[in-house]
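The values are calculated or read from the model by the stated rules, or taken from the named source; none is laboratory data. Only a predicted model underlies this, so the values are computations on that prediction, with no experimental measurement involved. Quick reminder, even Gly has a Cβ in these numbers, built from the backbone with ideal geometry, and neighbours come from all protein chains shown. Keep in mind that these areas ignore ligands, DNA and RNA; they rest on the heavy atoms of the full protein, side chains included. Shrake-Rupley method; radii C 1.70, N 1.55, O 1.52, S 1.80 Å.
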Amino acid sequence: LKKDAFVYHKGDPCKGFYTTVYGNFKMSFLSAEGKEHVVRIIGPGQSFGEASMFLDRPFPATVQAISQTRALFIPKEVLLHCIADDPRCAHVIFAGLSRRIHHMAERLESLALGSSLQRVIGYLLQHQSSLNSEDGKNDIELPANKTTIASHLNLAPETFSRVLQQLCELGLI
(Lines give C-alpha, C1' and ligand atoms only; values in the text may rest on other atoms or scores of the structure.)
Protein backbone atom coordinates (compact mmCIF):
# COMPACT_ATOMS: atom_id res chain seq x y z
CA LEU A 1 0.00 0.00 0.00
CA LYS A 2 1.05 3.55 -0.60
CA LYS A 3 1.47 5.97 2.28
CA ASP A 4 -1.92 7.21 3.59
CA ALA A 5 -3.86 4.28 2.06
CA PHE A 6 -6.50 2.77 4.34
CA VAL A 7 -6.51 -0.94 5.16
CA TYR A 8 -9.95 -0.68 6.76
CA HIS A 9 -12.21 1.76 8.57
CA LYS A 10 -13.93 1.46 11.92
CA GLY A 11 -17.09 -0.59 11.43
CA ASP A 12 -15.93 -2.47 8.33
CA PRO A 13 -16.67 -6.21 8.45
CA CYS A 14 -13.76 -8.43 9.46
CA LYS A 15 -13.04 -11.51 7.35
CA GLY A 16 -9.49 -12.18 8.58
CA PHE A 17 -6.41 -10.50 9.97
CA TYR A 18 -3.24 -8.83 8.69
CA THR A 19 0.48 -9.22 9.28
CA THR A 20 2.85 -6.39 8.43
CA VAL A 21 5.64 -7.43 6.06
CA TYR A 22 7.31 -4.01 5.89
CA GLY A 23 6.42 -0.42 6.62
CA ASN A 24 4.24 0.99 9.37
CA PHE A 25 0.53 1.42 9.99
CA LYS A 26 -1.38 3.47 12.52
CA MET A 27 -4.51 2.24 14.25
CA SER A 28 -6.66 5.16 15.30
CA PHE A 29 -10.02 6.46 16.45
CA LEU A 30 -11.61 9.64 15.14
CA SER A 31 -13.83 11.78 17.36
CA ALA A 32 -17.03 13.44 16.15
CA GLU A 33 -15.06 16.71 16.08
CA GLY A 34 -12.46 15.18 13.77
CA LYS A 35 -9.70 14.71 16.37
CA GLU A 36 -7.63 11.60 15.79
CA HIS A 37 -6.14 9.46 18.55
CA VAL A 38 -3.51 6.91 17.51
CA VAL A 39 -3.88 3.84 19.72
CA ARG A 40 -1.19 1.75 18.10
CA ILE A 41 1.67 2.03 15.63
CA ILE A 42 2.08 -1.32 13.87
CA GLY A 43 5.45 -2.27 12.41
CA PRO A 44 7.05 -5.17 10.54
CA GLY A 45 6.25 -8.58 11.98
CA GLN A 46 3.25 -7.30 13.92
CA SER A 47 -0.31 -8.35 13.22
CA PHE A 48 -3.67 -6.68 13.60
CA GLY A 49 -7.33 -7.56 13.35
CA GLU A 50 -7.20 -10.94 15.10
CA ALA A 51 -9.53 -10.02 17.97
CA SER A 52 -12.26 -8.80 15.61
CA MET A 53 -11.82 -11.91 13.51
CA PHE A 54 -12.18 -14.31 16.46
CA LEU A 55 -15.15 -12.36 17.84
CA ASP A 56 -16.89 -12.09 14.44
CA ARG A 57 -17.24 -8.37 15.00
CA PRO A 58 -16.53 -5.35 12.80
CA PHE A 59 -13.17 -3.63 13.12
CA PRO A 60 -13.23 -1.27 16.14
CA ALA A 61 -10.72 1.23 14.73
CA THR A 62 -9.31 2.52 11.45
CA VAL A 63 -5.94 1.31 10.15
CA GLN A 64 -3.95 3.42 7.69
CA ALA A 65 -0.48 3.11 6.16
CA ILE A 66 1.92 5.79 7.43
CA SER A 67 4.67 4.75 5.02
CA GLN A 68 5.02 2.57 1.95
CA THR A 69 3.85 -0.79 3.29
CA ARG A 70 3.14 -4.39 2.51
CA ALA A 71 0.80 -6.51 4.59
CA LEU A 72 -0.32 -10.09 4.29
CA PHE A 73 -4.07 -10.74 4.68
CA ILE A 74 -4.93 -14.11 6.20
CA PRO A 75 -8.60 -15.10 5.85
CA LYS A 76 -10.32 -16.52 8.92
CA GLU A 77 -11.05 -19.84 7.18
CA VAL A 78 -7.36 -20.32 6.36
CA LEU A 79 -6.30 -19.65 9.96
CA LEU A 80 -8.97 -21.98 11.37
CA HIS A 81 -7.79 -24.70 8.98
CA CYS A 82 -4.18 -24.18 10.12
CA ILE A 83 -5.23 -24.38 13.79
CA ALA A 84 -7.16 -27.61 13.13
CA ASP A 85 -4.10 -29.11 11.38
CA ASP A 86 -1.59 -27.94 14.00
CA PRO A 87 -2.81 -26.70 17.39
CA ARG A 88 0.59 -25.06 17.99
CA CYS A 89 -0.64 -22.40 15.55
CA ALA A 90 -3.31 -21.40 18.08
CA HIS A 91 -0.64 -21.13 20.78
CA VAL A 92 1.35 -18.67 18.64
CA ILE A 93 -1.74 -16.56 17.92
CA PHE A 94 -2.85 -16.51 21.57
CA ALA A 95 0.66 -15.70 22.77
CA GLY A 96 0.75 -12.71 20.41
CA LEU A 97 -2.66 -11.51 21.56
CA SER A 98 -1.61 -11.96 25.20
CA ARG A 99 1.57 -9.90 24.63
CA ARG A 100 -0.56 -7.17 23.08
CA ILE A 101 -2.99 -7.16 26.03
CA HIS A 102 -0.06 -6.96 28.44
CA HIS A 103 1.49 -4.10 26.47
CA MET A 104 -1.86 -2.25 26.33
CA ALA A 105 -2.21 -2.55 30.12
CA GLU A 106 1.28 -1.07 30.56
CA ARG A 107 0.43 1.68 28.09
CA LEU A 108 -2.82 2.49 29.88
CA GLU A 109 -0.91 2.78 33.16
CA SER A 110 1.59 5.12 31.51
CA LEU A 111 -1.15 7.29 29.97
CA ALA A 112 -3.10 7.44 33.22
CA LEU A 113 -0.24 7.94 35.66
CA GLY A 114 2.88 8.99 33.76
CA SER A 115 3.99 12.53 33.07
CA SER A 116 4.60 13.66 29.50
CA LEU A 117 8.35 13.34 30.15
CA GLN A 118 7.95 9.77 31.42
CA ARG A 119 5.78 8.80 28.43
CA VAL A 120 8.26 10.17 25.90
CA ILE A 121 11.26 8.56 27.61
CA GLY A 122 9.44 5.22 27.79
CA TYR A 123 8.52 5.43 24.12
CA LEU A 124 12.09 6.27 23.09
CA LEU A 125 13.48 3.42 25.18
CA GLN A 126 11.09 0.99 23.48
CA HIS A 127 12.40 2.07 20.08
CA GLN A 128 16.14 2.20 20.59
CA SER A 129 17.97 -0.13 18.24
CA SER A 130 20.76 -1.26 20.54
CA LEU A 131 21.67 -0.90 24.18
CA ASN A 132 25.46 -1.04 23.81
CA SER A 133 26.75 0.47 20.61
CA GLU A 134 30.50 0.77 20.07
CA ASP A 135 30.55 4.58 20.04
CA GLY A 136 28.37 4.85 23.17
CA LYS A 137 25.45 6.22 21.15
CA ASN A 138 22.13 4.52 20.64
CA ASP A 139 20.21 5.20 17.46
CA ILE A 140 16.45 5.49 17.56
CA GLU A 141 14.47 5.33 14.35
CA LEU A 142 10.96 6.54 14.97
CA PRO A 143 8.28 4.64 13.03
CA ALA A 144 6.06 7.68 12.42
CA ASN A 145 6.09 11.46 12.29
CA LYS A 146 6.00 13.56 15.46
CA THR A 147 2.28 14.33 15.17
CA THR A 148 1.37 10.64 14.99
CA ILE A 149 3.68 9.71 17.87
CA ALA A 150 2.34 12.59 19.97
CA SER A 151 -1.20 11.36 19.39
CA HIS A 152 -0.12 7.83 20.32
CA LEU A 153 1.29 9.21 23.60
CA ASN A 154 -1.84 11.33 24.17
CA LEU A 155 0.20 14.53 23.92
CA ALA A 156 -0.20 17.67 21.89
CA PRO A 157 2.46 17.82 19.15
CA GLU A 158 3.85 20.97 20.79
CA THR A 159 4.23 19.18 24.13
CA PHE A 160 6.02 16.28 22.44
CA SER A 161 8.43 18.75 20.80
CA ARG A 162 9.02 20.55 24.11
CA VAL A 163 9.83 17.28 25.87
CA LEU A 164 12.27 16.31 23.12
CA GLN A 165 13.90 19.73 23.45
CA GLN A 166 14.10 19.30 27.23
CA LEU A 167 15.79 15.91 26.79
CA CYS A 168 18.28 17.53 24.38
CA GLU A 169 19.04 20.30 26.85
CA LEU A 170 19.65 17.69 29.57
CA GLY A 171 22.08 15.92 27.23
CA LEU A 172 19.99 12.75 27.24
CA ILE A 173 19.30 12.85 23.49
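Compute the projected area of the convex hull of the Cα atoms of the chain, averaged over all viewing directions, and report it in nm² to one decimal place. Can you show the working numbers first?
On the way: hull surface 47.5 nm².
The Cα convex hull of the chain, projected and averaged over all directions, gives 11.9 nm².
Surface composition of region 1-67: carbon and sulfur atoms hold 56% of the protein heavy-atom accessible area at a 1.4 Å probe. Please report the base-10 log of the normalised intensity I(q)/I(0) for region 62-154, using a Debye sum with one equal scatterer per alpha carbon and no solvent, at each q in 0.15, 0.23 (1/Å). The computed values of log10 I(q)/I(0) come out as -0.89, -1.20.
What longest region of the chain stays clear of GluC sites (Glu not before Pro) that DSSP places outside H, G, I, E and B and that have at most 14 other Cβ atoms within 10 Å? Please list the in-between numbers first.
Values: sites that count: Glu33, Glu134, Glu141.
Of all site-free stretches, the longest is 34-133.
Exactly which trypsin sites (Lys or Arg not before Pro) in region 89-173 are in a DSSP loop and have at most 10 other Cβ atoms within 10 Å?
Lys137
The mean accessible area for residues of region 59-143, using a 1.4 Å probe and ignoring ligands and nucleic acids, is 69 Å² per residue. Phi angles of region 36-53 translate, via the Karplus equation with coefficients 6.51, -1.76, 1.60 and θ = phi - 60°, into HN-Hα couplings of 9, 10, 7, 8, 7, 10, 10, x, x, x, 9, 10, 7, x, 4, 4, 4, 5 Hz per residue; Gly and Pro are given as x.
Could you work out the per residue convex hull volume over the alpha carbons of region 56-109, in cubic angstrom? Mind showing how you got there, number by number?
On the way: hull volume 6.9 nm³, N = 54.
Per-residue hull volume (Cα only) is 127 Å³.
For Lys10, the aspartates and glutamates whose Cα comes closer than 13 Å to its Cα, not counting residues fewer than 8 places off in the same chain, are Glu36.
Taken over the C-alpha atoms, region 1-78 has Rg and Dmax values of 12.0, 39 angstrom. In this structure, the amide hydrogen of Gly16, modeled 1.01 Å from its nitrogen in the peptide plane, lies closer than 5 angstrom to those of Lys76, counting only residues at least 5 positions away or on a different chain. For region 15-91, the list of trypsin sites (Lys or Arg not before Pro) that fall in a loop by DSSP and count at most 11 other C-beta atoms within 10 angstrom reads Lys35.
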